[in-house]
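Some notes on the structure that comes next.
The values are calculated or read from the model by the stated rules, or taken from the named source; none is laboratory data. Predicted, not measured: the structure shown is a model, and the values here were computed from it. Reconstructed Cβ throughout: ideal geometry from the backbone, glycine too, with neighbour counts over all protein chains shown. Keep in mind that these areas ignore ligands, DNA and RNA; they rest on the heavy atoms of the full protein, side chains included. Shrake-Rupley method; radii C 1.70, N 1.55, O 1.52, S 1.80 Å.
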Amino acid sequence: MSHSPERVILLDDDGNPRGVARKDEVHHETTPLHLAFSCHVRDDEGRLLLTRRALSKRAWPGTWTNAFCGHPGPFEAIPDAVHRRAQQELGLQITDLQLELPDFRYRAIDASGIVENEICPVYTARAVGQPSLNPAEAMDARWVSPEDLADALTAAPWAFSPWLVLQAQQLSATAGTIQATAWRSVA
């Protein structure tokens, strides 16, 4: 059984859909603006899930980041895509999905020159069970306290994905200072 390539939704500068493209053809040195999402996941003990991107990832390989990210497919509701990617990347069921930053947008360039250029609504959720990593997506995972994550992002932002740092700053709502309260709404 053959699978069709994953497609992403291309956006104009105002965030309006303007077409679709294959995901494997979009991420390069001149990546067009496209729609994505990001999700921060907490467990029942209040810890946050960090994952380390697989070394085979085209952008930011081996980098620690939030639980997972992805792209909704054409005509796919973003919450449905979030649940789909939680299962695909982490073998994880999630609940209590909440939209936290509906207008998050960023552009970043990794060390190899690959550009991320996304409008990327940010969600929070609660894990049901423990992750079972898809090795093509994530090579490691750790549960950390919000306090430890806020301290690490402040002390060494270069050690994490740029979108995690920017999202933590915006979730903190403190003019750029990252606080453990950034993840307060994750039940």
Q) Of all residues in the range 18-48, which are on the phi < 0 side of the Ramachandran plot, assigned to a strand (DSSP E or B) and in contact with a Leu (Cβ under 7 Å, 6 or more places away or on another chain)? A) ARG18, VAL20, ALA21, HIS34, LEU35, HIS40, VAL41, ARG42, LEU48
Q.
Quick test for you: out of LEU149, LEU171, pick the one residue that is at pLDDT below 95 and outside any loop (DSSP other than H, G, I, E, B).
A. LEU171
Q: Test VAL20 against the stated conditions and say whether it is surrounded by fewer than 20 Cβ atoms within 10 Å (Cβ to Cβ), of a type in the set (Val, Ile, Thr) and at pLDDT 95 or above.
A: yes
Q) Limited to the range 119-129, what total is found for residues that are closer than 19 Å to LEU171 by Cα, assigned to a strand (DSSP E or B) and open to solvent by less than 10 Å² (accessible area, probe 1.4 Å)? A) 3
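So which residues in the range 1-17 are assigned to a strand (DSSP E or B) and open to solvent by 60 Å² or more (accessible area, probe 1.4 Å)?
ARG7, PRO17, listed by residue number.
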Q) Given GLU29, GLU76, GLU25, which one is under 22 Å from ASN117 (Cβ atoms), of a type in the set (Asp, Glu) and surrounded by 12 or more Cβ atoms within 10 Å (Cβ to Cβ)? A) GLU76
**Q.** Pairs, first without any contact (Cβ under 8 Å) to a residue 12 or more places away in the chain and under 17 Å from ALA159 (Cα atoms) in the range 46-74, second open to solvent by 10 Å² or more (accessible area, probe 1.4 Å) and in a loop (DSSP other than H, G, I, E, B), C-beta under 8 Å, six or more apart
**A.** PRO61/LEU55
Q: Residue by residue through the range 84-109, note down the ones that are under 29 Å from ASP13 (Cβ atoms), open to solvent by 60 Å² or more (accessible area, probe 1.4 Å) and not in a loop (DSSP other than H, G, I, E, B).
A: ARG84, GLN98, LEU99, ARG105, ARG107, ILE109
Q. SER132 fails exactly one of the following numbered conditions: (1) touching a strand residue (DSSP E or B) at 6+ places or on another chain (Cβ under 9 Å); (2) modelled with pLDDT of 95 or more; (3) surrounded by fewer than 20 Cβ atoms within 10 Å (Cβ to Cβ); (4) more than 26 Å from ARG184 (Cβ to Cβ). What is the number of that condition?
A. (1)
